[in-house]
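The values are calculated or read from the model by the stated rules, or taken from the named source; none is laboratory data. Note that this is a predicted model, so its numbers are computed, not measured. Every residue, glycine among them, receives a Cβ derived from its backbone with ideal geometry; neighbour counts consider all protein chains shown. Remember, those area values only see protein heavy atoms, side chains included, never the ligands or the DNA or RNA. Shrake-Rupley method; radii C 1.70, N 1.55, O 1.52, S 1.80 Å.
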Amino acid sequence: MKKFISVFSSLFILLSALALLSCGYGALELFHHGDFVDERADQMKELYQGRVGPTFASLSGTYTFVIFTDPHYGSERSENIDEDEFLEWMDSLPADQQPKFCVCLGDIAERGERREYLKYCDFVEKIESRGIPVLNIVGNHDLFNSGWDDYSDLCFPYTSFYRFRSSAFSYYALDTGSGSLGPKQFKKLKNAMESDPNPKIVFSHYPIYGSGMYGLSYYCLQNEEESTRVITLFEEENVTDVYAGHVHHHQSKELGDYTELCFDTLFNQEWALVTVNEATGKTSTQTIRK
């Protein structure tokens, strides 16, 4: 059975690569997505404030933030995104549930082209005009056609590996856009987490969980040994939640003391409202599907 899954997985990846190559996604990026992760994530940036809104350190008590993922601007699917409905939903929230920030979990652009990023930036401007900063995680599609140059120019915080801290929580944003953290990023992440006593929330494009979806490595970190190391680190260092995209459907997995949640896409009109209680160190996640 394992041999069958391995053969099926290899065949799936090969056929997908041929399909992508024929659709203008860039030949080089089919295999390592252009720029290597060790080059993109050579340092972990400390983030203190979004482009709008208060400092992250001022967040305390109970507050919310919003997650959405995989808008794939530039694809036919992105035409299904109802930005007005999203904004109306956000505006309708009670004052005590108004989000302090939003996070997009990657695959912003379908082919990594600047015009696709600019469409997304128009949407971000509408959110940030409400005083709500938008943070971004790099996805694999964002790296097609050397898209990293435009991502790092247009998508705040203009880097792919960063951390910010509220009064009691630490938030870690990982670069898994190439399907791997790579040894340098993992070492820096490990050192940072081991010296950080706060409960932690992690954002990633690829799910971390090693079995993936349908037994295919394409849907999770692509090195099982690396995935195991990351899961162990998260269990040991007080991670409460991991939020991921990429799989284009909703799934949840309990992994030790933390939960990995993957969300469906923005073009399928799904997003999430996360409530953080700094006093108790607990979170709750409400999935919104329109």
Those residues that are touching a Phe, Trp or Tyr at 6+ places or on another chain (Cβ under 8 Å) and not in a loop (DSSP other than H, G, I, E, B), I need them from the range 185-199; list them, please. Gln185, Lys188, Leu189, Ala192, Met193
Hey, can you tell me all the residues within the range 167-184 that are open to solvent by less than 10 Å² (accessible area, probe 1.4 Å), in a loop (DSSP other than H, G, I, E, B) and either under 18 Å from Gln222 (Cα atoms) or hydroxyl-bearing (Ser, Thr, Tyr) (or both)? Leu174, Asp175, Thr176, Gly177, Gly179, Leu181
Exactly one condition in (1) assigned to a helix (DSSP H, G or I); (2) modelled with pLDDT under 95; (3) open to solvent by less than 40 Å² (accessible area, probe 1.4 Å) is false for Gly34; which is it? (1)
Would the range 245-261 turn up any residue that is under 23 Å from Ser60 (Cα atoms) and touching a residue at least 24 places away in the same chain (Cβ under 8 Å)? yes
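Conditions tested, residue by residue: (1) over 28 Å from Tyr219 (Cβ atoms); (2) open to solvent by less than 10 Å² (accessible area, probe 1.4 Å); (3) part of a helix (DSSP H, G or I); (4) β-branched (Val, Ile, Thr).
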site	(1), (2), (3), (4)
Lys100	yes, no, no, no
Asp107	no, yes, no, no
Arg111	no, no, no, no
Glu116	no, yes, yes, no
Lys119	no, no, yes, no
Asp122	yes, no, yes, no
Glu125	yes, no, yes, no
Arg130	yes, no, no, no
Asn145 meets each of (1) open to solvent by 20 Å² or more (accessible area, probe 1.4 Å); (2) touching a Ser or Thr at 6+ places or on another chain (Cβ under 6 Å) with one exception, condition (2)
Which residue is nearest to the chain's Cα centre (by Cα), if the candidates are limited to the range 52-89 and must be under 15 Å from Phe267 (Cβ atoms) and open to solvent by 70 Å² or more (accessible area, probe 1.4 Å)? Arg77
Would you pick out the residues in the range 82-107 that are touching a His at 6+ places or on another chain (Cβ under 9 Å) and not acidic (Asp, Glu)? Leu105, Gly106
Considering only residues that are in a loop (DSSP other than H, G, I, E, B) and crowded, with 17+ Cβ neighbours inside 10 Å, which ones fall in the range 267-290? Gln269, Glu278
Taking the criterion of being assigned to a loop (DSSP other than H, G, I, E, B) and of a type in the set (A, V, I, L, M), would at least one residue in the range 133-154 satisfy it? yes
Among the residues of the range 221-240, is there at least one that is among the β-branched types (Val, Ile, Thr), buried (at least 21 other Cβ atoms within 10 Å of the Cβ), closer than 24 Å to Ile108 by Cβ and touching a strand residue (DSSP E or B) at 6+ places or on another chain (Cβ under 6 Å)? no
